[in-house]
Amino acid sequence: MQHRSQVFLSSMLLVMVGFSAASAYGTWQWMRGAAVTDFKDSDWALFKETARAVLNDKADGEQVNWSNPETGNRGSIIALSTFTHEGKRCRRAAMRNLTFRGREDKAAYSLCRQSDGDWIFVSESALLGATTEP
């Protein structure tokens, strides 16, 4: 399960930095078997649109579903919490993707909004490193 989470996180990093699924797949063969490997460019576009909507506009606890009738792939993103880290607005979000082949990935991540409006993943260890000694 940890491997699937790592694969999903790495694939989401590709999404957030703007690589297309098709161009990334050739380089990232270790992702084979993850739900996102079934994504077409139109799935990535819907996923990114949904992620931006949730991260920018939805209240904690709100879920937005996406579905691509063209490919049969679908998923959901829910805003879990909002917090500040290093002066930036951050969100914890749960993401679930299901493919027409029956593959499923689900995990929760923390992302922080940058000054240019882009959202980037923040590792849990970076968030923990910001805490003070007990």
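In nanometres, what is the gap between the two model label sites at Ser67 and Ser125, each 7 Å from Cα along Cα-to-Cβ?
Rounded to a tenth, the inter-label distance reads 4.0 nm.
Tally Lys/Arg at +1 and Asp/Glu at -1 over every other residue whose Cβ is under 11 Å from the Cβ of Ser67; what's the total?
Overall, the nearby charge balance is -1.
Spin-label point model (7 Å from Cα, Cβ direction): what's the Ser81 to Arg103 distance in nm?
My value for the distance between the label points is 3.1 nm.
Treat every Asp and Glu Cβ in the range 84-129 as -1 and every Lys and Arg Cβ as +1, leave all other atoms uncharged, and give the resulting dipole magnitude about the Cα centre to the nearest 20 debye.
220
Cross-link partners among lysines for Lys40, C-alpha distance below 21 Å, same-chain residues fewer than 8 apart left out?
Lys40 reaches Lys48, Lys106.
How far apart, in nanometres, would the label points at Ala59 and Ser42 be if each is projected 7 angstrom from Cα along the Cα-to-Cβ direction?
About 3.4 nm separates the two model spin labels.
Return the long-range amide H neighbours of Asn73 (sequence gap of 5 or more, or a different chain), with a cut-off of under 5 Å between placed amide H atoms.
Result for Asn73 returns Asn68, Phe100.
Let me check I've understood the local charge: for Ile78, count other residues with C-beta under 11 angstrom from its C-beta, Lys and Arg +1, Asp and Glu -1. What total comes out?
So the environment of Ile78 carries a net charge of +3.
Could you compute the net charge surrounding Phe121? Neighbours are other residues with a C-beta less than 13 Å from the C-beta of Phe121; K and R count +1, D and E count -1.
+2
Tell me, what is the FRET efficiency for Glu49 and Ser115 to the nearest 0.05, using R0 = 25 angstrom and their Cβ-Cβ distance as r?
The calculated FRET efficiency here is 0.70.
Throughout, read-outs are computed from the coordinates displayed, never taken from laboratory work. What you see is a predicted model; the values in this text were computed from it and never measured. Note that we place each Cβ from the backbone using ideal geometry, even for glycine, and neighbour counts take in every protein chain shown.
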